[in-house]
Amino acid sequence: MHHLPLWQIPAGADPGTRHLPGDIRRRTHPDGPVRWWGTVAGGGVEGHSPSSGPSSGGPRMIRPSCLLASALTAGMLLSTAACSNGGGDGGGSGRTDSPASPASTVPASPVAEEPGAASASPSPSVRALTKAEARAALITNSDLGSQWDESKGVAAWRDALLKSKVDASAFVTDKGDAEECQKLLDGLYTEDLLGKPQGAGAVTGFDDSDNDAQMRYEVASYGKSALDTRLKWLETLPDICDQFTAVNGEGDRQTVQVVSTGLPDVGDARQGFRVTMSGELEGDPETLTLDFAAVRVGDSALSLTNGGLSGTEHQSTEQAVEAGTNRLKDVLAGKSPAPTQG
């Protein structure tokens, strides 16, 4: 007797295979979700095999309704396997496999990375100075000259001039520049133009008795990335804040000018500028001249302000930068700084 053929489903993709749809991207955040798309395992669907019935003693006929149910079941599974292999969020080709040929296995596609995502190497940890190392990296008055002594206190002009507000009405074309200039004055007053240190720091101060000037000198750990960002911002200030007006709490108006200054070619990166504030102070004409300098060495930096109402000696700024960079490099290398030459 001729038997009807059994219904079979072509083998699907390898059940262990998983791949990503082509339109799925890993988000920049490394902990973001990544959607995986798995293939559906194929396998045969058994039909009714011819056998002898217990009552008839002969082969049992397969009813047409059973054949129809098997055909419908096989068709649904074929559609499921085809969608799994070709579909997925609208990114597939829409092609389905014919029942007469084996179902092709879709190869795993690589994850497409956005620039700077998981492929980027993590930033190294900050080489944080200890308190003792920061103190050892400070310069002394012997690095500056015979006229410099240890500071005896903060000069009165700090509150009278640096604690001023920018006159934003003069910034006609770009009000945002007024905000940047205010950040400059605030940073000079609060002495944090390089931002908040991530490690220990140390500060020292000196008075120039001959020129009625003061120098504030600081060493601290900040992190390379944070320092480079700050130095790039400081570099823009002579252009953005080349000249503006500031008003102190007493209503005294000052014309402020910011110009770039040169520094010795030391350290990994550096930035320097000079701020001049000219106007009246308590009814008398006054001019404050103030150097600012910063040098990055690895994750750490030195910074200083130098000046006063009688002007500033830029040579002292350069001496402090050069001597201080050498001391900081020695400390970071685990060495004792060389003795200061008087």
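The values are calculated or read from the model by the stated rules, or taken from the named source; none is laboratory data. What you are looking at is a predicted structure, and each value in this text was computed from that prediction instead of being measured. Reconstructed Cβ throughout: ideal geometry from the backbone, glycine too, with neighbour counts over all protein chains shown. Heavy atoms of the whole protein, side chains included, go into the accessibility calculation; ligands, DNA and RNA do not. Shrake-Rupley method; radii C 1.70, N 1.55, O 1.52, S 1.80 Å.
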- request: Starting from the Cα gyration tensor of the range 216-322, multiply each eigenvalue by 5, take the square root, and state the resulting semi-axes largest first in whole Å.
  value: 28, 15, 12
query: What nm value, rounded to one decimal, do you get for the distance between SER146 and VAL259 when each label is placed 7 Å out toward the C-beta?
result: 3.1 nm
statement: log10 I(q)/I(0) for the range 206-275, Debye formula on C-alpha points only (no solvent), q = 0.11, 0.24, 0.26, 0.27 Å⁻¹, two decimals, reads -0.42, -1.15, -1.16, -1.16
query: So how much slack lies between ALA269 and ASP167, counting 0.36 nm per residue of separation and subtracting their Cα-Cα distance, in nm?
result: 33.5 nm
- line: Taking a probe of 1.4 Å and leaving out DNA, RNA and ligands, the range 225-342 shows per residue an accessible area in Å² of 45 Å²
The range 168-256: Rg to Rh, with Rh as the Kirkwood radius over Cα pairs: 1.03
query: How large is the Kirkwood hydrodynamic radius of the range 241-291, in angstrom, based on all distinct alpha carbon pairs?
result: 12.4 Å
- request: Rounded to whole Hz and in sequence order, give me ³J(HN,Hα) for the range 261-272 from the Karplus expression 6.51 cos²θ - 1.76 cosθ + 1.60, θ = phi - 60°, writing x for Gly and Pro.
  value: 10, x, 10, x, 7, 10, x, 8, 7, 7, 7, x
- prompt: What is the Cα coordinate range of the range 261-329 on the first, second and third principal axes, sorted by size from largest, in whole angstrom?
  reply: 47, 19, 16
field: Value of Rg/Rh across the range 126-277 [Cα atoms, Kirkwood radius]
entry: 0.98
field: For the range 136-192, the fraction of alpha-carbon pairs in successive 10 Å shells from zero, as %
entry: 19, 31, 28, 15, 8
message: What does the net charge come to around ASP242 if you take all other residues with beta carbon closer than 14 Å to its beta carbon, with K and R at +1 and D and E at -1?
response: -4
